[in-house]
Amino acid sequence: MQLKFSGIIFINLFAIHLFASEINCSEGFNFGTDKKSCIKFLITDEERKKGLMFQEKLAPDHELHFLWSDSKFRCMWMKNTSIEIDILFIDDDKNLILEKGQPYSKKKICHTAKVVIEANKGELSRKYNLTYE
């Protein structure tokens, strides 16, 4: 009887841990393939120009993926963005360059990229085990 009771407690603790770590995606975001992050794809010029401008926060484990059809020199800036973020540039050869985005900075951050990913400060550096440029 004691063994069954211990097993039930273990299963319940496992279920609590499983559901406690579940992510809820904000409106406009969908689960990534890893099911550990929520992603919003920005594919039009209008979506990419707006990005995180004028937003007060970005939920944890949420990412914006700026997508283009080709690798070119891309510039991001933080003039109207109040959130400290990681900015990851990915080119056609899958080279990764990670930069820090400083709130309200007018400095352009530019690299060759086909994809640029933005997330809360520290999230992309941990996820991809990268250091900042």
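Carbon-plus-sulfur fraction of the accessible area of the range 59-133, 1.4 Å probe, in percent?
47 percent
Under 5 Å between amide hydrogens, which residues at least 5 positions from Ile85 or on another chain qualify, with H placed 1.01 Å from N in the peptide plane?
Those qualifying (amide H under 5 Å, at least 5 residues apart or on another chain) are Gly101, Lys121.
How large is ³J(HN,Hα), in whole Hz, for each residue of the range 58-74 in order, when computed from phi with the Karplus curve 6.51 cos²θ - 1.76 cosθ + 1.60 and θ = phi - 60°, using x for Gly and Pro?
3J(HN,Hα) across the range 58-74, in whole Hz: 10, 4, x, 6, 10, 10, 9, 10, 8, 10, 10, 7, 8, 8, 9, 5, 10.
Would you mind working out the accessible area per residue for the range 32-100, using a 1.4 Å probe, and quoting it in Å²?
Here the residues of the range 32-100 average 61 Å² of exposed surface.
Tell me whether the range 66-127 comes out rounded, prolate or oblate; compute the Cα gyration tensor, take square roots of the eigenvalues as a ≥ b ≥ c, and use a/c under 1.5 as the rounded threshold.
Oblate.
With only Lys, Arg, Asp and Glu charged, each at its Cβ (+1 for the first two, -1 for the last two), find how big the charge dipole of the range 73-133 is about the Cα centre; round to the nearest 20 debye.
Here the size comes out at about 240 debye.
Summarise the long-distance tail of P(r) for the range 33-111 by giving the % of C-alpha pairs beyond 14 Å.
66 percent
Give the long-range amide H neighbours of Gln55: residues separated by 5 or more places, or on another chain, with amide H under 5 Å away, using H modelled in the peptide plane at 1.01 Å from N.
Amide H neighbours of Gln55: Ser82.
The values are calculated or read from the model by the stated rules, or taken from the named source; none is laboratory data. Computed from a prediction, not measured in an experiment: that's the story for all the values here. Counting neighbours? That spans all protein chains shown, and the Cβs are built from the backbone with ideal geometry, glycine included. Accessible surface areas use protein heavy atoms only, side chains included; no ligands, DNA or RNA. Shrake-Rupley method; radii C 1.70, N 1.55, O 1.52, S 1.80 Å.
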